[in-house]
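The values are calculated or read from the model by the stated rules, or taken from the named source; none is laboratory data. For clarity, every value in this text was computed on a predicted model and none was experimentally measured. The accessibility values were calculated without ligands, DNA or RNA, using every heavy atom of the protein model including side chains. Shrake-Rupley method; radii C 1.70, N 1.55, O 1.52, S 1.80 Å.
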Amino acid sequence: MSEGKRHCLCCVDLRRGIIALLVLEFIVTVAAAVLLALGVAGIKVNAAANNGNVVDNGKVVAGKDDVTEVTTYALVGAAIYGAQAAWTLFGLITVLKRKVHGFSIFAKVTAVFTLLNIVSLALTPNGGSIAGALLSAYVSYVFLRYAKTMRIDEQHQKLGQSDV
C-alpha cells in the first residue's frame with residue numbers, strides 16, 4: 001500500500017469516502033438548482049395571476065420590481081448550483097475512472113474556491129457559516145490528499161510495485 005493516510009474521517013477508506021462525498025455533493029447541488037428553478041417558476045406563475053405582484057393570503061408580498069429582483073437572484077443561484085453540480089460530476093468521474101491528472105486539477109481548483117469562500121466569509125459579516133467553511137476546508141484537504149495518494153499509486157504501478 002502507498003505511503004500516507006488511507007482513511008477519511010478516521011475510519012472510512014479514502015477512495016470510498018471521496019466517492020461518498022462527491023455523490024452527496026452532486027445530489028445536494030442538483031436538488032438546490034432544481035428547487036431554485038421551481039421557486040422561480042412558482043413566483044412567475046403567482047405574479048402572472050396577480051398583475052405582476054406576488055400575493056400570499058390576499059396580501060401583496062412582493063411588487064413587480066421585487067419579483068424581477070428575486071427571480072434574477074434565484075436564477076443566478078440555480079445557474080451557480082448547476083455549474084457546481086457539473087463540476088462535482090467531473091470530480092466524481094475522474095475518481096471512478098482513476099484519472100489522476102483530472103482529479104488533481106479538480107482537487108486544486110476546489111481548494112482555490114474553498115479558500116475564496118473562506119476569505120469572502122471573513123470579509124462579509126453574516127455572509128455564511130463558519131462551520132460550513134471549516135467543513136469545506138476539510139473536504140478540500142481530503143481531496144488534495146487523495147490526489148496525492150492517486151499520484152503515488154500511479155508511480156508504484158509504473159514501477160510494478162502496486163498492491164492496490
Stretched fully, the stretch from ALA137 through LEU38 gains (0.36 nm per residue minus C-alpha distance, one decimal, in nm) 32.6 nm
With every protein chain in place, the accessible area of PHE113 for a 1.4 Å probe, in Å² rounded to the nearest 10, comes to 120 Å²
Quick tally, 1.4 Å probe accessible area for TYR73, TYR141, sorted with the most first, runs TYR73, TYR141
With the range 79-154 reduced to its Cα atoms and the Debye formula applied, log10 I(q)/I(0) at q = 0.17, 0.23, 0.24, 0.25 1/Å amounts to -0.68, -1.05, -1.10, -1.15
